[in-house]
Amino acid sequence: MIEVRLPDGSVRQVPTHTTPREIAEQIGAGLARAALAARVNGQVVDLNRPLDHDVELEIITERSPGALDVLRHSAAHILATAVRSIRPEAKIGFGPAIQDGFYYDFEVDRPFTPEELEAIEQRMQEVVKCNDPFERQVVTKEEARRLFADDPLKLERLEELGDDEVITVYRNGPFLDLCRGPHVPATGYLKHFKLLSTAGAYWRGDEKRQMLQRIYGTAWFSQKDLEEYLHRLEEAKRRDHRKLGRELGLYSVHDEAGRGLIHWHPRGGLIRYTIEEYLRRTLLANGYDLVFTPHVANEELYRISGHIPTFVDNMFGPIEVEDETYRLKPMNCPNHIMIFRSEPRSYRDLPLRYAELGTCYRYERSGVLHGMMRVRGFTQDDAHIFCRQDQIGPEANALLDLVDIMMATFGYAYRVFLSTRPEKAIGDPAVYDAATEQLRQVLVARGVDYNVDEGGGAFYGPKIDIALVDALGREWQGPTIQLDFMLPERFQLEYTGADNKPHRPVMIHRTLLGSMERFVGGLIEHYGGAFPTWLAPEQVRVLPITDDVRDSAAAFVAELKAAGLRGTLDDRSETLGYRIREAETMKIPYMAVIGAREAEAGTVAVRERGAGRKQDIMPREEFVARLRAEVEARTLNVPGLA
RNA sequence: GCCACCGUAGCUCAGUGGUAGAGCACUCGAUUCGUAAUCGAGCGGUCGUCGGUUCAAGUCCGACCGGUGGCUCCA
């Protein structure tokens, strides 16, 4: 007999080799029907896996965390089953569950066609209908070698397994895979899924190895979830910053001018200007100094910094001038170091915080360029803080205050990650760990929920990474706080301490918004193009109903401008409906309609973006005052934003 | 850079070997209108580029250029 402890704290005595399914059946028929897998001492296993010692057991159902991963991993096997039946020669690679779905990699003579994808999906339906059980079997390495004799990719993986590892294979109907599991009980459990796309993917993610053909799919427990996910994909497409960027006249990219180089149009420029102006004022109010440094630098600078040779593959090529070689700057830190080093520094001067909206250029391979998100020229919201070791904590704390302000202003939720010392770290491990501990204590003191990426820090220092969560629930790389013990060393930075001796400062690289290109690109998608009033390039469109009130409307536009608001007059000879439609399409926050009644009374009929026919008639001054208050408060009046 | 798909007017797209099309946008004219498309006319394309097959190529084939989705890499 063994003891099984359940999540509610109860303990059951059952015979050795009882399976989780049997226990679920004992608890209730409903639970047995809902059971997909089990969590035994924290590890997810199959329902039919016999228990041979005392355990803590949790039955996994659709609602359990991790349940979708099990389903999706099984979906990947079902996909491979279907592919094998259509293309028997396909060699199988890996097929894991991923965020929102699953994939499977195949080595095939010719890539899959879109039509084939449909056929594969249909064949998957047949596999599901068979409802074959997923059967786990423990095998020896020798047996496994025989079973996968025709699957070189599996053999390669097999040989990496240690001799003491338990090797398992899973069979469902005709398909056998080397796999750790677990799986849902049978193929019939997969009901709501869809294949999405094919893509090339290097075997083991190594571009020196052969390219496999990957098939992506998604799977859910209910048709509703599947449809919601597909709808989310549609919504993401609708909000694509490249599409909205063109439609709203924000930016463009030109072959003639160079790929991956953003041309900010007047509307996009106004958005960027407004953000930059707000950012600079915030930084000045928070103890930062603004600096400006050149776009090119003598290559020597990057030899000292070490970017040559480590970063040279990401840099634009050399520029020869007289006898010297210059480079477009890939980052701002060496320049800021020059400013720090330009005079002797005292411990009393520290911390020094140099901020720059610094434009950098990096060579990115053509295949990775993507709208404003991945470009070759970008302007970083960059800053470097030079401080004493004992100032790391307070500086990190102040930075997290700024992060809070910025994220709240733009309406982002966020998640925090702390990355600790990797194996290959430089310098004294004690210094690295002490600094990491300072960061950790700051996070703890602030009551921040954070995840630790053990060994995920850079070799030159630990860091705090912040991931933005946008309106669609997607995560983006956000602010980072990166400690650096290396550059002060390489540039021999010093300050004079209270002991009148030279000391080495610590550098903190930090960004709040990342690059203006990426940040604004992200904002376009976050807001779906409907920028809050304070950021909207055009805040009010004034619409006179007839030519008779044109002058009155023009006067109102002048009043808006005088109040520092961005209003424009649309007095074209088009119907009111037409002009309203266009203002809605351009996602302008407010329309101010002026007809004979309003002109007479000194009022405007205000129509808010996205609010339909609802109108609010108010005195002109009141509307101006309301708008000014809204701009000042940076109100997030974005439809659909929580 | 690699794999797949795509490339027709400023935009969205139709056109399966036989004389390049539509809607929107733009220009002109008419219309003066009460909350998401007023009517008419006009302008606009060497069908991504180069080569090949064919009596004939937007259409079939090849190469190249560019875009998209991935891979790899990153602000």
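Read-outs: derived from the displayed coordinates by stated rules, not from any lab. Predicted, not measured: the structure shown is a model, and the values here were computed from it. Every residue, glycine among them, receives a Cβ derived from its backbone with ideal geometry; neighbour counts consider all protein chains shown.
Odds and ends about this structure:
- Couplings 3J(HN,Hα) for segment A:301-317, derived from phi with the Karplus relation 6.51 cos²θ - 1.76 cosθ + 1.60 (θ = phi - 60°), are 4, 7, 6, 5, 5, x, 5, 9, x, 5, 10, 4, 5, 9, 9, 5, x Hz, where x marks Gly and Pro.
- Mean separation of Cα contacts under 8 Å, 6 or more apart, over the residue count of chain A: relative contact order %: 9 percent
- Placing +1 on the Cβ of every Lys and Arg and -1 on the Cβ of every Asp and Glu, with nothing else charged, gives segment A:410-504 a dipole about its Cα centre of roughly 140 debye.
- Taking the C-alpha atoms only, the angle from helix A:620-633 to the longest principal axis of chain A is near 50 degrees.
- Scoring A:63-75, A:472-484 by mean Cβ neighbours within 10 Å over their residues and listing the highest first yields A:63-75, A:472-484.
- Neighbours of residue A:504 by Cβ distance under 15 Å: Lys/Arg scored +1, Asp/Glu scored -1, total -2.
- Taking every C-alpha pair closer than 8 Å and separated by at least 6 residues, the mean separation divided by the residue count of segment A:344-466 gives a relative contact order of 25 percent.
- Residue A:119-residue A:89 FRET efficiency (beta carbon distance; Förster radius 22 Å; 0.05 resolution): 0.90
- Note on residue A:163 and residue A:322: their simple-model spin labels are 6.8 nm apart, each label 7 Å out from Cα toward Cβ.
- Taken one residue at a time, the phi angles of segment A:358-366 give Karplus couplings (6.51, -1.76, 1.60, θ = phi - 60°) of x, 7, 10, 10, 9, 7, 10, 5, 3 Hz. Gly and Pro are set to x.
- Estimated FRET transfer efficiency (residue A:600, residue A:265; beta-carbon r; R0 45 Å; 0.05): 0.70
- Net charge dipole, segment A:104-233: roughly 300 debye, given to the nearest 20, about the Cα centre with Cβ charges of +1 for Lys and Arg and -1 for Asp and Glu.
- Acute angle (nearest 10 degrees) that the helix A:223-238 long axis makes with the longest principal axis of chain A, alpha-carbon atoms: 30 degrees
- Once the C-beta distance of residue A:98 and residue A:617 is scaled by a Förster radius of 51 Å, the resulting FRET efficiency is 0.45 to the nearest 0.05.
- Rounded D (µm²/s) - segment A:1-139, Kirkwood Rh over Cα pairs, Stokes-Einstein at 10 °C, 1.306 mPa s: 94 µm²/s
- Of the residues A:51, A:355, A:468, the one whose Cα sits farthest toward the positive end of the charge dipole of chain A, with +1 on the Cβ of Lys and Arg and -1 on the Cβ of Asp and Glu, is A:468.
- Modelled label reach - residue A:156, point 7 Å along Cα→Cβ, segment A:77-94 residues with backbone N closer than 14 Å: A:91-94
- Model label zone, residue A:568; criterion: amide N under 18 Å from point 7 Å along Cα-to-beta-carbon; scope segment A:609-635: A:609-610
- Stretching the chain fully between residue A:240 and residue A:397 yields a gain of 53.1 nm (0.36 nm per residue, less the alpha carbon separation).
- Subtracting the Cα-Cα distance of residue A:417 and residue A:555 from their residue separation scaled by 0.36 nm leaves 44.4 nm.
- Inter-label distance, nm, simple model (7 Å from Cα along the C-beta direction), residue A:254/residue A:453: 3.8 nm
- Taking 0.36 nm per residue of separation and subtracting the current Cα-Cα distance, fully stretching the chain between residue A:232 and residue A:342 would add 34.3 nm.
- Nearest-ten-degree value, helix A:576-585 long axis tilted from longest Cα axis of chain A: 60 degrees
- Cα→Cβ-extended label distance, 7 Å offset, between residue A:2 and residue A:625, nm: 7.5 nm
- Dipole of chain A computed with +1 at Lys/Arg Cβ and -1 at Asp/Glu Cβ about the Cα centre; of A:427, A:137, A:533, farthest Cα towards the positive end is A:533.
- Of A:129/A:154; A:91/A:141; A:129/A:243, pairs whose Cα-Cα distance is over 31 Å: A:129/A:243
- Among A:487-500, A:86-99, sorting by the average number of other beta carbon atoms lying within 10 angstrom of each residue, highest first, gives A:86-99, A:487-500.
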